[in-house]
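Input: a single structure, listed below in structure tokens.
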Amino acid sequence: MGAQTFGEFLLGSGKISETALNRAARLERETGQSLSDVLTKLGLISHPDLAGGFAAYFGLEKLDADDLPEAPLAIPGLSRTFLRARRILPVSQDEDALTLAMANPGDDFAAEAMAFASDLPVVRRVATVRDMDEAIERLYFDDGTDGEAQTAEIVAETATDDIERLKELASDAPVITYVDRLIEDAVASGASDIHFEPAEHDLRVRFRIDGMLQDMTPPAPDMRAAILSRVKIMAALDIAERRLPQDGRIKMALQGKSFDLRVSTTPTAHGESIVLRILDRGFLPEDFSALGFGPEVTAPLSRAIAKPDGIVLVTGPTGSGKTTTLYAALKQLNAPEKKVLTVEDPIEYMIEGINQVQVAPKIGRTFAATLRSFLRQDPDIMMVGEIRDRETAEIAVEASLTGHLVLTTLHTNNAATALTRLLDMGVEDYLISSTVTLVIGQRLVRTLCPRCRRPYTPDAPQLESLSHGLELSQATFYRPAGCADCNGRGYAGRTGIVEVLEMTDAIRALVQGRAEASEIERQALAQGMRRMFDYGLALAARGGTTVEEVLRVTRDV
């Protein structure tokens, strides 16, 4: 294996075209899926060619269906759900190694997890996705049980007396006090998340404040297990289950406000990593101006949501404020004469007068299934937390065509890419052009602390490289300094920087011609759209943030 990437290797070996690679690489960045998953889902490469490419690229042996085992291997703590999710299969083991068939042999996390479970070095082999899926179903899921294992699949990780000991430790006063004070400190600091990350000998604790992680003073190492167990007990999670991810919820009243804490656990090499997302149930933006949006954003957005039908898309990566923007729209639309339905994952804020549904994939309550049921509920407005697949996208389009206003989000880098993303999902171009009315791309930037910011003047070459035609010669830029008000960070809070793409006849023609996102963006700029970078730079020129902060969040746009 040389310095070239796997995608470049497939291109060089003639298994995919350059156009296919560029398309898949773009979707890989936008969706977070692996390149191999994107290639196969889009039909750009066959499963046998993919497996052959992996074998050649990594220099590994390729296994056929006949080479896969007839009976499951007995490995203590092995989760069949994990095998299916990662498409891996133990083939054989001896005292020296565990041989593992993998649909994607580049999945280091899966290989390391199996090495940890078996306490053996892993020897990787390659098999096709189809052969892997069939073998895993035959070996681990054809017994008709709903439980997690066949006879040899699960070995209890924690004995009953150990569980009771953890419960006792988690109930000790010092542990309870530590966790409660930590949550109080996080709320007081304006943190959005608390991260508990076990290392080999201690527990790392971090707060995410204004989008950035910050280390906190760690607890004593001997408190690690008790603290993690305490959080799991508060969230009503199974403290004995450490092999599989779990999700829970904690409700707390702090500083006279009600808070929801969404709890997520995931197993790591040194124990369970736990993240608490802090949601202030009392916080809801009353309108778009409360989000810091100017009239160049609020005017077209208000026009779009005032229409009786159409689709309004808000795009951006995780944590870019998309859902908050949608909630501001819902607050503006919520009225006694309107029926509003939402399907979300999770429901972050409850709004009186709106019917909100939490997805539950385990029982079939997916975005698509719920949205389809909405069509029979006589709604006026529907909000879909996220379009993740073709089925959901097509039902959203159908809802718009039948006279409903649909608000939703997509994970893409900018506004123009949202339209090509829908095309890539398989939605017909004429349907996109006839239903989508507005696309917003957004990011969140940290705002400067007004008490300690310090003015400075960028040099002329830097100004010229940044301006893109903006008049910045008279602008005053600032840098963070740090004071008691902002706890020495130099920043206090975040605000949105956005770009607004309004659908015009010219944009619709490009969509129907299946133009690239770059062409759509050029047309949008020609008709007056301001890019997120330019929006952010104008904010920096008014002293609201820094140039470095704008560059940090828009570098991939």
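The values are calculated or read from the model by the stated rules, or taken from the named source; none is laboratory data. Keep in mind that this is a model prediction, so the values were computed, not measured. Cβ coordinates were reconstructed from backbone atoms using ideal geometry, including for glycine residues, and neighbour counts include every protein chain displayed. Protein only, heavy atoms only, side chains kept; ligands, DNA and RNA dropped before computing areas. Shrake-Rupley method; radii C 1.70, N 1.55, O 1.52, S 1.80 Å.
If only one of Arg494, Arg508 is touching a residue at least 40 places away in the same chain (Cβ under 8 Å), in a helix (DSSP H, G or I), open to solvent by 70 Å² or more (accessible area, probe 1.4 Å) and touching a Ser or Thr at 6+ places or on another chain (Cβ under 7 Å), which one is it?
Residue meeting the stated conditions: Arg508.
Table: residues versus (1) of a type in the set (Asp, Glu); (2) in contact (Cβ under 8 Å) with a residue 12 or more places away in the chain.
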site	(1), (2)
Ser13	no, yes
Glu61	yes, yes
Glu70	yes, no
Met114	no, yes
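Pick from Ala170, Ala186: which is open to solvent by less than 10 Å² (accessible area, probe 1.4 Å), touching a residue at least 60 places away in the same chain (Cβ under 8 Å) and more than 30 Å from Thr495 (Cβ to Cβ)?
When all the criteria are applied, what remains is Ala170.
Test Arg531 against the stated conditions and say whether it is touching a residue at least 12 places away in the same chain (Cβ under 8 Å), open to solvent by 40 Å² or more (accessible area, probe 1.4 Å) and either in contact with a helix residue (DSSP H, G or I) (Cβ under 8 Å, 6 or more places away or on another chain) or not small (Gly, Ala, Ser) (or both).
The answer is yes for Arg531.
Here's the yes/no breakdown for (1) open to solvent by 60 Å² or more (accessible area, probe 1.4 Å); (2) farther than 22 Å from Ser34 by Cβ:
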| site | (1), (2) |
| --- | --- |
| Asp66 | yes, yes |
| Ser92 | no, yes |
| Asp107 | no, no |
| Met114 | no, no |
| Ala127 | no, no |
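From (1) in contact with a Phe, Trp or Tyr (Cβ under 7 Å, 6 or more places away or on another chain); (2) open to solvent by less than 40 Å² (accessible area, probe 1.4 Å); (3) touching a residue at least 12 places away in the same chain (Cβ under 8 Å), pick out the condition that doesn't hold for Thr298.
Result: Thr298 passes all but (3).
Looking at (1) more than 16 Å from Leu422 (Cβ to Cβ); (2) in a helix (DSSP H, G or I); (3) of a type in the set (A, V, I, L, M), can you tell me which one Ala524 breaks?
The single condition Ala524 does not satisfy is (1).
Does Thr409 meet the test of being open to solvent by less than 40 Å² (accessible area, probe 1.4 Å), in contact with a strand residue (DSSP E or B) (Cβ under 8 Å, 6 or more places away or on another chain), under 20 Å from Arg277 (Cβ atoms) and at pLDDT 90 or above?
yes
Restricting to the range 23-59, name every residue that is closer than 24 Å to Arg514 by Cβ, among the small types (Gly, Ala, Ser) and buried (at least 21 other Cβ atoms within 10 Å of the Cβ).
Ala24
State all residues of the range 402-450 that are in a strand (DSSP E or B) and β-branched (Val, Ile, Thr); if no residue qualifies, say none.
If the condition is that a residue be in a strand (DSSP E or B) and β-branched (Val, Ile, Thr), then Val406, Thr408, Thr409, Val436, Thr437, Val439, Ile440, Val445, Thr447 are the ones that fit.
Say whether the condition of being open to solvent by 70 Å² or more (accessible area, probe 1.4 Å) and in a strand (DSSP E or B) is met by at least one residue in the range 198-205.
Yes, some residue in the range 198-205 is open to solvent by 70 Å² or more (accessible area, probe 1.4 Å) and in a strand (DSSP E or B).
Can you tell me which residue within the range 301-312, out of those that are assigned to a loop (DSSP other than H, G, I, E, B) and of a type in the set (D, E, K, R), is least open to solvent (accessible area, probe 1.4 Å)?
Asp309
So which residues in the range 313-352 are buried (at least 17 other Cβ atoms within 10 Å of the Cβ), among the small types (Gly, Ala, Ser) and more than 14 Å from the chain's Cα centre (by Cα), if there are any at all?
Within the range 313-352, Ala328, Ala329 meet the criteria.
Are there any helices (runs of 4 or more DSSP H) wholly within the range 1-75 with 3 or more residues that are under 18 Å from Val129 (Cα atoms) and out of contact with any helix residue (DSSP H, G or I) (no Cβ under 7 Å at 6 or more places or on another chain), and if so which?
47-58
When the residues of the range 245-272 are filtered to those that are open to solvent by 20 Å² or more (accessible area, probe 1.4 Å) and touching a Ser or Thr at 6+ places or on another chain (Cβ under 6 Å), which remaining residue is modelled with the highest pLDDT?
Ranking the qualifying residues of the range 245-272, first place goes to Thr266.
Could you say whether any residue in the range 220-243 is farther than 20 Å from Ser171 by Cβ, in contact with an Asp or Glu (Cβ under 8 Å, 6 or more places away or on another chain), in contact (Cβ under 8 Å) with a residue 40 or more places away in the chain and open to solvent by 30 Å² or more (accessible area, probe 1.4 Å)?
Yes: one or more hits.
Please tell me if Ala393 is open to solvent by less than 20 Å² (accessible area, probe 1.4 Å) and modelled with pLDDT under 90.
For Ala393, the condition - open to solvent by less than 20 Å² (accessible area, probe 1.4 Å) and modelled with pLDDT under 90 - is not met.
Could you tell me whether Ile194 is of a type in the set (A, V, I, L, M), open to solvent by less than 20 Å² (accessible area, probe 1.4 Å), touching a helix residue (DSSP H, G or I) at 6+ places or on another chain (Cβ under 9 Å) and within 15 Å of Ser273 (Cβ to Cβ)?
Here the answer is yes, as Ile194 does meet what is asked.
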